[in-house]
């Protein structure tokens, strides 16, 4: 009888723990308001066919000059093999640096907090799982994330003179991005119907420290999740090829463009 009660209590604890992971957190409040005087410029010509088609499909004939952006949203992450609900703030200085603040939650309450990003060329990662700062592998990975996430405000991918596009075929192009004194590249695949970006793929370090291999890292534009599609600006996932399935989904719910983020990008937390 005593053993039966132990089993019942244990099962109840597991059920409660699982129930807590089904509760979506409230999103962070957007602290900023977009600059209403943002300059617009013509979509450039002379780009490879799938790239030019993408910009016209995304923007039309003109596009905004985006210098900074602050996103808030919600999604889920899988750092330990179990999906955890999450909310986040992503801060970008276009083409220069970014900061992520992510909270995994249980019953809507934060229990795991992550600060990560790259500012002034030096990456940082701060979490209960460990901390790294200005590690060469992490720097390389953060630089790739900087450009992959630019797909959410893609005018920078057409206006930054340091970037170079090269066509592969009508649905694929290479994007060469700066990294210190060298360049690295993404394979960018475009949707045959919409012309928008489906995936961006690059060889990225997953772990800090010497002797670690690069692994193919894939970001994908996803169909919107959930019922509140009207509140979602964009949805994306990130996958390591050797894991075979995404480790994170992010739904962007608010955005503020061309705001002063000089102090905010160097801060920590929400």
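Scanning the stretch 246-268 for residues that are surrounded by fewer than 19 Cβ atoms within 10 Å (Cβ to Cβ) and in a loop (DSSP other than H, G, I, E, B) yields 259, 260, 262, 263, 267, 268. Of all the criteria given as (1) outside any helix (DSSP H, G or I); (2) modelled with pLDDT of 95 or more; (3) within 21 Å of residue 149 (Cβ to Cβ), the one not satisfied by residue 58 is (1). Apart from one condition, residue 66 fits all of (1) at pLDDT 95 or above; (2) part of a loop (DSSP other than H, G, I, E, B); (3) surrounded by fewer than 20 Cβ atoms within 10 Å (Cβ to Cβ); the exception is (3). Pairs linking a residue in the stretch 132-149 that is at positive phi and assigned to a loop (DSSP other than H, G, I, E, B) to a residue that is surrounded by fewer than 19 Cβ atoms within 10 Å (Cβ to Cβ) and modelled with pLDDT of 95 or more, with Cβ atoms under 7 Å and 6 or more positions apart or on different chains, are 134/122.
One residue stands out among those in the stretch 121-174 that are more than 26 Å from residue 77 (Cβ to Cβ) and crowded, with 22+ Cβ neighbours inside 10 Å: the one that is nearest to the chain's Cα centre (by Cα), which is 155.
Applying a threshold of 8 Å to beta carbon distances and a minimum spacing of six or more residues, or different chains, the list of pairs starting in the stretch 226-241 at a residue that is more than 17 Å from residue 85 (Cα to Cα) and ending at one that is in a helix (DSSP H, G or I) and at pLDDT 55 or above reads 233/152; 234/152.
Listed by first and then second residue, the pairs linking a residue in the stretch 77-102 that is on the phi > 0 side of the Ramachandran plot and crowded, with 20+ Cβ neighbours inside 10 Å to a residue that is modelled with pLDDT under 95 and part of a strand (DSSP E or B), with Cβ atoms under 7 Å apart and 6 or more places separating them unless they lie on different chains, form an empty list. Could you list, in sequence order, the residues of the stretch 180-190 that are surrounded by fewer than 15 Cβ atoms within 10 Å (Cβ to Cβ) and either assigned to a strand (DSSP E or B) or touching a strand residue (DSSP E or B) at 6+ places or on another chain (Cβ under 6 Å) (or both)? Of everything in the stretch 180-190, those that are surrounded by fewer than 15 Cβ atoms within 10 Å (Cβ to Cβ) and either assigned to a strand (DSSP E or B) or touching a strand residue (DSSP E or B) at 6+ places or on another chain (Cβ under 6 Å) (or both) turn out to be 182, 183. Tally the residues that are touching a helix residue (DSSP H, G or I) at 6+ places or on another chain (Cβ under 9 Å) and in a loop (DSSP other than H, G, I, E, B), restricting the search to the stretch 192-217. The qualifying residues number 9.
Going through the stretch 16-48 one residue at a time, which ones are exposed (fewer than 14 other Cβ atoms within 10 Å of the Cβ) and part of a helix (DSSP H, G or I)? Within the stretch 16-48, 16, 17, 18, 19 qualify.
The values are calculated or read from the model by the stated rules, or taken from the named source; none is laboratory data. Every value quoted in this text rests on a predicted model; they were computed, and no experiment measured them. With ideal geometry, Cβ positions are generated from the backbone for all residues, glycine too; neighbour counts draw on all protein chains shown.
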